[in-house]
Structures are given as structure tokens and as C-alpha cells.
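One structure is given here, and the rest of the page talks about it.
The values are calculated or read from the model by the stated rules, or taken from the named source; none is laboratory data. All values reported here derive from a predicted model rather than from experimental measurement. Using ideal geometry, Cβ is built from the backbone for each residue, glycine included, and neighbour counts are taken over all protein chains shown.
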Amino acid sequence: MAPKWRSCRESLGAREINAPGRAAFVSRVLLLSTGESAVNIAYHSRYLHLVASTLLVFNLGCGERGPQRYHVSGTVTYKGEPVAFGSIVFQPDQSRGNSGPYGAASIKDGKFDTQIDGHGPIGGPHLVMIEAFDGKNINEDYAPYGNSIGSTYQRPFDLPSENSTLEIELTDR
């Protein structure tokens, strides 16, 4: 059903609308059946664009960007073979005085790269956690990456405050 348009005078009982700078529209302002005027919609739309533009400028020009993150790439193997699928998480080790945002990446065919698929970690002491899958006996319902290779692997690492490469060999627990 098309919206019903009414003139301002029909809807407001011939009351005068005082909208600065919009005198040409006062006598013939159209109203939606909800009661919102076309002038109000246009005015609010301009207002929202102004507010959004202002916030964008302040967001781009001000504030901290957070701690420096670094690019980490590398390989993950199990018994000398590349891990088919998995994930790697770099958690700052608070017990050793490091705090900040986590880093993470996906593992595919034994390789990971925080720059391509993830977020780089900050430098310093970390707990590196890896979930690894063999890529065999894939079942979309309950094992989309195959069988799990043991429990979550966890090991402390001191990551440098620069881009780096890691080679990790998973061990049986």
C-alpha cells in the first residue's frame, strides 16, 4: 500500500510551521502517514551526515591506536608432517608481566601468517596455544577439519618486538 501524503495544513489544522531557512516549504510541507514531515526527514538526514562526518574526522585524527602489533608467520608440524588445519593464539603471559591484545591466525597445510589471516601479537612473553587437526575423516556435522591431534598444545614463547618467524613441532602429551 502506497504511503498517504497529506499537506501540512490538513494534518496540523492549518497551524504555522516555523522552520528557519525553509520558508518556501512552510505552506506545502508533505507529511507521511506516520506524521514525519519530508522537511524533517531531509533536515535529520543532513544532520546525521554532519554528525557522522564529524565523528569520522575526530576518530581519524585523535586517540591512541593501541600497542604495536607485529607480523608473525611460520610452520606447525606434528611428527615431522605439516598440520593440515588448526589455529594458533598468542596470549600475552600476564604471569610474566605482559598484557595487551591477543594475536591469532589460522593454520592451513602447516603454515600460518598473522598478516594474511589473523591479528599480530604484541612483543614479549606469551603463551602460544594451538588447536591442530589432521584433515582426515572430515565430517561437516561434527569434525569439519578432521580428527583432533591431541589436546590443546600450549607452550611459553618470548616473542620479539619485531616481525618474526616461528617453527613449531607439536609433541605428544
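Checked against (1) aliphatic (A, V, I, L, M); (2) closer than 24 Å to Gly66 by Cα; (3) in contact with a Pro (Cβ under 8 Å, 6 or more places away or on another chain); (4) surrounded by fewer than 18 Cβ atoms within 10 Å (Cβ to Cβ), Ile138 meets all criteria but (2). The residue of region 97-118 that is surrounded by the fewest Cβ atoms within 10 Å (Cβ to Cβ), among those that are farther than 24 Å from Glu81 by Cα and in contact (Cβ under 8 Å) with a residue 24 or more places away in the chain, is Gly97. Taking the conditions exactly as written (at pLDDT below 90 and under 23 Å from the mean Cα position of the chain (by Cα)), does Gly118 satisfy them or not? Spelling it out, Gly118 is indeed at pLDDT below 90 and under 23 Å from the mean Cα position of the chain (by Cα). Filtered by the rule that a residue be of a type in the set (A, V, I, L, M, F, W, C), part of a loop (DSSP other than H, G, I, E, B) and at pLDDT 85 or above, region 132-153 gives a lone residue, Ile149. Within region 73-112, the set of residues being under 20 Å from the mean Cα position of the chain (by Cα) and within 24 Å of Lys136 (Cβ to Cβ) comprises Ser87, Ile88, Val89, Ala105, Ser106, Ile107, Phe112.
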